[in-house]
Every structure is written in C-alpha cells, then in structure tokens.
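**Q** Let me give you the structure first, and then I'll get to my questions.
The values are calculated or read from the model by the stated rules, or taken from the named source; none is laboratory data. Only a predicted model underlies this, so the values are computations on that prediction, with no experimental measurement involved. Cβ atoms come from the backbone with ideal geometry, glycine included; neighbour counts cover every protein chain shown. Quick note on the areas: whole protein, heavy atoms, side chains included, nothing else; ligands and nucleic acids left out. Shrake-Rupley method; radii C 1.70, N 1.55, O 1.52, S 1.80 Å.
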Amino acid sequence: MMLKQKFIMDHNPSTGEVIEKIKISSPGEVASAVKLARKAFKTWDETALKNRISSLKKIERDIIRFADSIAKTISNEMGKTLKSALKEIQNALVSIDKNIEISEKLFKPEIFRDKKLISEVYKVPIGVVAVITPWNYPLDIPLSLIVPALISGNSVVFKPSEYSPMTGKLIFEIFNKHLPKGVINLVQGAEEVGEILLQSDIDMVAFVGSREVGKIIMRECSNKLNRIILELGGKDPMIVLRDADLKKAAEFAVYASINNCGQLCTSVERVYVEDKIAGEFEKLVLVEIKKVKVGNVYDDVNLGPMANEQQRAKVLSQIDEARRKGARILYGGNKIEGKGYFIEPTFIVDVSEKHDLMTDETFGPVVAMQRVRDAEDAIEKSNKSRYGLGATIWTKSQKKALEIASKLETGMIGINRGVGGVTGTPWVGIKESGFGYHGSIDGMKQFTHPKKITYKK
Ligand code: ADP
C-alpha cells in the first residue's frame, strides 16, 4: 500500500508558516512498531510494578527538566499561550503522581475464600495498546492514556495528531529513554496511518478525538474484538438561574468559553440563562469579554490563534450561519486579518436549536447564549444533545443545583464552578461523548483485565 503523502507540514498557527517537515510512517514502519511493541510486552508485563514505577519517576524528572522546551514546542505548533502550555505540563505531572498512587492500590491481588476453595484475582495488562490522540492538549491527553497503559504493564504504539507531531516526538523521546526498547513506539501521520494502525496486530485502542472518528474506531475494533476507550468531545451547557452570583457566572462563561481558544472538550459551548436576569447577565458578559487580550502566545495574553485553518473556518461558518438565521452578535464574530489563524473572542445571543452553534461542537472562543423560561426549560434544552460530557449549574441554592444535577444527562457536573474535580476522580462522558474514563482507579482498570486462579484449600 502506498501512502498519499510522505510528510506532515507542521504549521505555526500564530504565523501560518511551516515550522517542521515530519516524515509520515510507512505501512512497513507501522508494522515494525507494532511488532516491536508485541515483543517488548512479554518482558514489560513481567517487570515488577516497582520497577515500572521507577521508570515513570525518571520520565517525570525529565519532563520537569525539559518543561520549557516542551512548552515552547506546544505553543509553536498548537498555538496555545506559553502560560497555558506550562500549566498543561504541570497538570500532566500531577496526573503521573496520581497514577502511580492508584497503581499501588490496584495491583494488589484480591483473595477470596469459601469453605473449600481459594480464588486469587489479579489485574493483568491487555497487551499492545494503540494510543491515538488529538492536538488540543498535545501533552496532557496522550499522557492520560500512555501513563496508565504503561504502569499496568502494556506496551504502547503512540500516534499523535498530525497537528502536534513535534510534541508527540518529544513525548516519545522522553519515555523511550527510560523504558526498555519497544515498550513505547511512535508512528506519525494522519487518518491513513491511524487506519493502518487500527488494522494491525494490536489488542486495544485508547482514543481521544471526534465522534466521527470514534465511530470508525468502534467499527474497526469489532473485527478483532479489541478493547476500546473513546473520549469524543462535548457540547457542555452552562445553566444560569436567577439567584446566581451573576458576576461570577459571567466571568466563568467568558473564561470557560475562550480558554485554550475554546478548543477543550469541556468548554462551555451553550449558556442557558433564565429570562428574568438575561439582560443583566448579557451586560456582565460584555464587560468580561472586553477584557480578553488576544495576541502573541509568548506575551501575557488570554487568547492565541486557533490551532489550524480548518478549525477557524468551521467556527466562522457556525457564527455566520447563526448571524444569518437571526442571532445577534454583541461582540466579535470575525476573523482577525493578518498572519496566523486568529479570531475575535465572540459573544452571541438569541441562538437556539436551529443554529449549529447550539447543536454541533464549536471548539472556538465563542460565548453562545440562549434565554430560557426556568430551570426545567434549561434542563430540557441541555439534555437535547447527542453529547453528554460536562455541564455547570449556577445558583446560590445547593439543593436546587443538586436536583438539577440529578436530571442532567452528562458524566460530569460542576456547581458554581467547572467540571474538573478532586484529583483521582474519573473524567467521564456519556451518550455520544463516548465511554471510558481517565484519571481514576476505574480509568486504570480499563487497561487491565481480571485473571482468576482457583485451587482447593
Ligand atoms: P481532532 O479534530 O480533535 O483532531 P480527530 O478525531 O479528527 O479529532 O483526530 C483525532 C486523532 O485521530 C488524530 O490523531 C487523527 O490523526 C486520528 N484519526 C483521524 N481519522 C482516523 C481514522 N480514520 N482512523 C484512525 N485514526 C484517525
């Protein structure tokens, strides 16, 4: 089989310029990577947990050592501010520590006894795991899958996004330096290489990305009954009730809509505001959004460019459609002319289910607001979505918030705050946001299966 393209042209979204030309892995190279992973799995699986942890700790030290150059690479090829890239690295380090702590609990064998028998239940690794990831958190997301896969004794073939191949390469180099040969392998490329990897001799796919590709993966994995973890994005609602602290809610609406240029699975994508306080809320959002500084990712700004041209075009087309179909743009709404893929932070009101902006994932710096009658109306609208990742509720009444939370069809809910919870709790979606969890004991279990050995007393 011949590849359609031989190189990835890695662009800097701040300038639109090509910063690196990366060779795409050939089908033969993908096959060799999988073969190496299969061979390495045999010994890695038998390596004592404490030695696997010790390798991870060395990796952690190198991530700290090279943090500045990793952050620059992330900013250069993905366009997030340097400040956010450093934060991303910090989060990844916290998550490695948590994974180590969890593994020490999870891998203790469980012993069951009755009058006649003893059963020992172990957690054993699954085998060769293909890790396929997107560009929006090019370090955090791959590590949230690679780390638990490796600690559990699996080997990994990692395919980073074609929009963040250099960060992918750095991750591979740091891990590979501290692991036996073949325990982690790198393949580079886009869809085509992903498909070749799916069809090769792997045992599991751990994927974060779009719903469309998630479905392809599920179909492909059904042939060999490969295990899968799919995290497929969201369309998170934010519900603002009349008794909310409106200033705090407005600050959050802006922050959580534009953070990472809106390119976050749990971005606020739809804001439902009770009619009675909607006018006041609009004014407060306007005050906040006007404070957003757009510019050079190395300066003290809140917003860099969008990660790529296609992404910017998609966001602009959703804004245009909403504008044509009667929504009102109160702020922004245009691309910023000049170099790079910049877009104005945007505040748009009177959007509804008839606009793609309220139904399809936007993934851009847009606060999209719709007025609702009351809490019931907000719940109904929130649940009318294929997605079910996160949601936030803003009210001073904890009782009311908990009642609403129980009715919302999402995996994660934040009350008067975002959805990220205590470290060690799962990152989880339902409905077409996929299945599988990250960052918890349940998350790590997914990279293992139970094995039971029974004997007579
Ligand atoms: P995003 O737009 O967030 O990058 P995608 O779902 O398009 O989401 O891509 C996520 C990852 O899936 C990327 O690494 C991409 O190269 C890979 N990918 C895209 N299409 C396929 C496919 N058909 N099979 C396997 N992997 C794919």
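**Q** Per residue, how much space in cubic angstrom lies within the convex hull of the C-alpha atoms of the range 236-422?
**A** 113
**Q** Another one. Suppose every Lys and Arg Cβ carries +1 and every Asp and Glu Cβ carries -1, with no other charges. What dipole size does the range 1-87 come out with about its Cα centre, to the nearest 20 debye?
**A** 320
**Q** Still on this structure, I have one more. Let me check I have the definition right: for the range 191-230, take the eigenvalues of the Cα gyration tensor, multiply each by 5, take square roots. What are those semi-axes in whole Å, largest first?
**A** Here the semi-axes work out to 14, 12, 9 Å.
**Q** Let me ask something else. Within a Cβ distance under 12 Å of residue 156, other residues only, what is the Lys/Arg minus Asp/Glu net charge?
**A** +1
**Q** Still on this structure: Report the paramagnetic label zone for residue 93: residues of the range 54-71 whose backbone N is under 15 Å from a point 7 Å from Cα along the Cα-to-Cβ axis.
**A** Of the residues in the range 54-71, 57-71 have backbone N under 15 Å from the label point off residue 93.
**Q** In whole Hz and in residue order, list the ³J(HN,Hα) couplings for the range 352-361 that follow from phi through the Karplus curve 6.51 cos²θ - 1.76 cosθ + 1.60, θ = phi - 60°; x for Gly and Pro.
**A** 8, 4, 6, 9, 4, 4, 9, 10, 9, 4
**Q** Which value, in debye to the nearest 20, describes the size of the charge dipole of the chain about its Cα centre when Lys and Arg Cβ atoms bear +1, Asp and Glu Cβ atoms bear -1, and nothing else is charged?
**A** Computed charge dipole of the chain: roughly 1520 debye.
**Q** Net charge near residue 202: determine it from the other residues with C-beta under 12 Å of the C-beta of residue 202, scoring Lys and Arg +1 and Asp and Glu -1.
**A** Neighbour charge sum, excluding residue 202 itself: +2.
**Q** Counting DSSP beta bridges with both partners in the chain, what percentage is antiparallel, nearest 5?
**A** 40
**Q** How much solvent-accessible surface does residue 178 expose, in Å² to the nearest 10, with a 1.4 Å probe and all protein chains in place?
**A** Ignoring ligands and nucleic acids, residue 178 comes out at about 40 Å².
**Q** In the range 140-184, which residues have a backbone nitrogen under 20 Å from the label point lying 7 Å from residue 45's Cα in the Cα-to-Cβ direction?
**A** Within reach of a label on residue 45, which here means backbone N under 20 Å from a point 7 Å along Cα→Cβ, the range 140-184 contributes 146-158, 179-184.
**Q** Determine the share of the range 236-422's accessible area contributed by carbon and sulfur atoms, expressed in whole percent, with a 1.4 angstrom probe.
**A** In the range 236-422, the share of accessible area belonging to carbon and sulfur is 50 percent.
**Q** Working from the alpha-carbon coordinates of the chain, get Rg over Rh, Rh being the Kirkwood radius.
**A** Rg/Rh: 0.99.
**Q** If you don't mind, there's one more thing I want to ask. Could you give the accessible area per residue of the chain, probe 1.4 Å, as a whole number in Å²?
**A** 44
**Q** Report the normalised scattering of the range 73-198 as log10 I(q)/I(0) at q = 0.13, 0.17, 0.18 Å⁻¹, calculated by the Debye formula with identical scatterers on the alpha carbons.
**A** The Cα Debye sum returns log10 ratios of -0.59, -0.90, -0.98.
**Q** What 222 nm value per residue comes from the helices of the chain, counting each DSSP H run with n ≥ 4 as -39,500 (n - 2.57) and dividing by all residues, nearest 500 deg cm²/dmol?
**A** Rounded to the nearest 500, the figure is -13000 deg cm²/dmol.
**Q** Just name one of 392, 102, 233: the one whose Cα is farthest towards the positive end of the charge dipole of the chain (beta-carbon charges, Lys/Arg +1, Asp/Glu -1).
**A** Of the options given, the answer is 102.
**Q** Now, a different point. How about the range 355-422: which GluC sites (Glu not before Pro) there are in a DSSP loop, with at most 11 other Cβ atoms within 10 Å of their Cβ?
**A** Answer by residue number: there is no such site.
**Q** What do you get when you divide the Cα radius of gyration of the range 1-123 by 2.2 N^0.38 Å, with N the number of residues?
**A** 1.56
**Q** Hey, another quick one. If we count every other residue with Cβ under 14 angstrom of residue 254's Cβ, Lys/Arg +1 and Asp/Glu -1, where does the sum land?
**A** Result for the local shell: +1.
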